């Protein structure tokens, strides 16, 4: 079962764009933790089966984003992808 902080982080991530101001400021104001701590908790949640059961759409979206970033980074390292190897 997810703890209170983990549930709050998932809930916030599913709708953070509704909060006014920059995301890191909203994290601090609404969750009372630093952005660094927020992202640490969020990364752990991506591997937690309980988080997937609690909010599958958010977890899948974040996993896809993480996968896309890793794929682009690998393409840059290998000089492929968009044809602009350096």
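The values are calculated or read from the model by the stated rules, or taken from the named source; none is laboratory data. Keep in mind that this is a model prediction, so the values were computed, not measured. Because the Cβ atoms are built from the backbone with ideal geometry, glycine has one as well, and the counts that use them run over all protein chains shown.
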* Please state which of the following conditions residue 47 fails to meet, knowing it meets all the rest: (1) without any contact (Cβ under 8 Å) to a residue 40 or more places away in the chain; (2) closer than 17 Å to residue 2 by Cβ; (3) assigned to a helix (DSSP H, G or I). => (3)
* Asked: Given the structure, is residue 27 surrounded by 11 or more Cβ atoms within 10 Å (Cβ to Cβ), assigned to a loop (DSSP other than H, G, I, E, B) and either at pLDDT 95 or above or out of contact with any strand residue (DSSP E or B) (no Cβ under 6 Å at 6 or more places or on another chain) (or both)?
  -> no
